[in-house]
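The structure under discussion appears below in the form of structure tokens.
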């Protein structure tokens, strides 16, 4: 393990489970991958992406060890890849939506990776310092929301308490917009990333014009193959790619529907609360009697008095 970290070009030998999954993309998993993970769960493609992100030119894809935690599930579909190379511990995620808890998720994931690498080391208590791989957390965003080309998200932004000095830990997520038309220079450095952006853009463009999702996906895949965009993988693994894309879009639709339901419920709740406050105000000013106010809200006069008192309103003695 020590030799793998100290060597800039080689890493530890991957587990047999991970090796099998890399060599055989059709291996049965409990959860399906998103197409992004499927595309980059290949050492050559992953090395190309790493080089593009870091401005490096490593040429030996066997220097990569993919150590993705297969049972670390956020959603129904896997969107994460982690790997070691050149003394760097990398966590890559693809997201179609952004929320402020991304850095916290990254911290939890990376901590499990460090525990996996060093948890059984007896020399953690020795006087010799262990060389640690440097962590890097990249989130590839391709949702519909507007996002700048690149920005950082920090776990420390969520800290609610105060302390003297620097907080004991932090996790920084670098958010990179990979929608087609963004980060053009990065796209040119990684053929697979550019191809992925083009394919997703084609599908979205077609669905926005009213095309059925399945038809849009198949048409987009046909166009990409004809234009030599990811032609090799889309030709060889067309069925898997189509299934993953369809499931991914269905997952996004489900999440969006849940958000809309939550928003509608919140809106209805807000309207109800607004009506209630209005009734409280009218009763407290004597514009409505207690009986009238209770009738409007569908509660008893006793319940009305209780609710008004809790909200800081009082019924006039003369009402």
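The table for this structure:
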quantity	calculated
Number of positions in the stretch 286-304 that are out of contact with any helix residue (DSSP H, G or I) (no Cβ under 7 Å at 6 or more places or on another chain) and in contact (Cβ under 8 Å) with a residue 12 or more places away in the chain	2
Contacts under 6 angstrom Cβ, first residue in the stretch 214-225 being in contact (Cβ under 8 Å) with a residue 12 or more places away in the chain, partner outside any helix (DSSP H, G or I), 6 or more apart	224/230
Within the stretch 137-175, tally of residues that are part of a strand (DSSP E or B) and touching a residue at least 60 places away in the same chain (Cβ under 8 Å)	5
Selection count where residues are out of contact with any helix residue (DSSP H, G or I) (no Cβ under 8 Å at 6 or more places or on another chain) and not assigned by TED's automatic domain parsing to the domain that holds residue 143, scope the stretch 183-196	0
Unmet criterion (only one of (1) farther than 24 Å from residue 194 by Cβ; (2) crowded, with 21+ Cβ neighbours inside 10 Å; (3) free of Cβ contacts under 8 Å to residues at least 40 places away in the same chain) for residue 115	(2)
Test: residue 69 is assigned by TED's automatic domain parsing to the domain that holds residue 43, at pLDDT 90 or above, touching a strand residue (DSSP E or B) at 6+ places or on another chain (Cβ under 9 Å) and surrounded by 12 or more Cβ atoms within 10 Å (Cβ to Cβ)	no
Enumeration of residues in the stretch 176-193 that are surrounded by 15 or more Cβ atoms within 10 Å (Cβ to Cβ) and outside any strand (DSSP E or B)	178, 179, 180, 182, 183, 186, 187, 189, 190, 191, 192, 193
Residue among 103, 131 that is in contact (Cβ under 8 Å) with a residue 60 or more places away in the chain and over 19 Å from residue 173 (Cα atoms)	131
Of the criteria (1) outside the structural domain of residue 35 (by TED's automatic domain parsing); (2) in contact with a helix residue (DSSP H, G or I) (Cβ under 6 Å, 6 or more places away or on another chain), which one residue 180 fails	(1)
Yes/no for residue 134 being in the same structural domain as residue 38 (by TED's automatic domain parsing), loosely packed, with under 15 Cβ neighbours inside 10 Å and touching a strand residue (DSSP E or B) at 6+ places or on another chain (Cβ under 8 Å)	yes
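So that you can scan it fast, the table gives a plain yes or no per residue for (1) closer than 30 Å to residue 36 by Cβ; (2) assigned by TED's automatic domain parsing to the domain that holds residue 38; (3) at pLDDT 85 or above; (4) part of a helix (DSSP H, G or I):
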residue: 210; (1), (2), (3), (4): yes, no, yes, no
residue: 216; (1), (2), (3), (4): yes, no, yes, yes
residue: 223; (1), (2), (3), (4): yes, no, yes, yes
residue: 242; (1), (2), (3), (4): yes, no, yes, yes
residue: 252; (1), (2), (3), (4): yes, no, no, yes
residue: 264; (1), (2), (3), (4): no, no, no, yes
residue: 305; (1), (2), (3), (4): no, no, yes, yes
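The values are calculated or read from the model by the stated rules, or taken from the named source; none is laboratory data. A quick note: this is a predicted structure, and the numbers were derived from the prediction, not measured. Note that each Cβ is placed from the backbone with ideal geometry, even for glycine, and that neighbours are counted across all protein chains shown.
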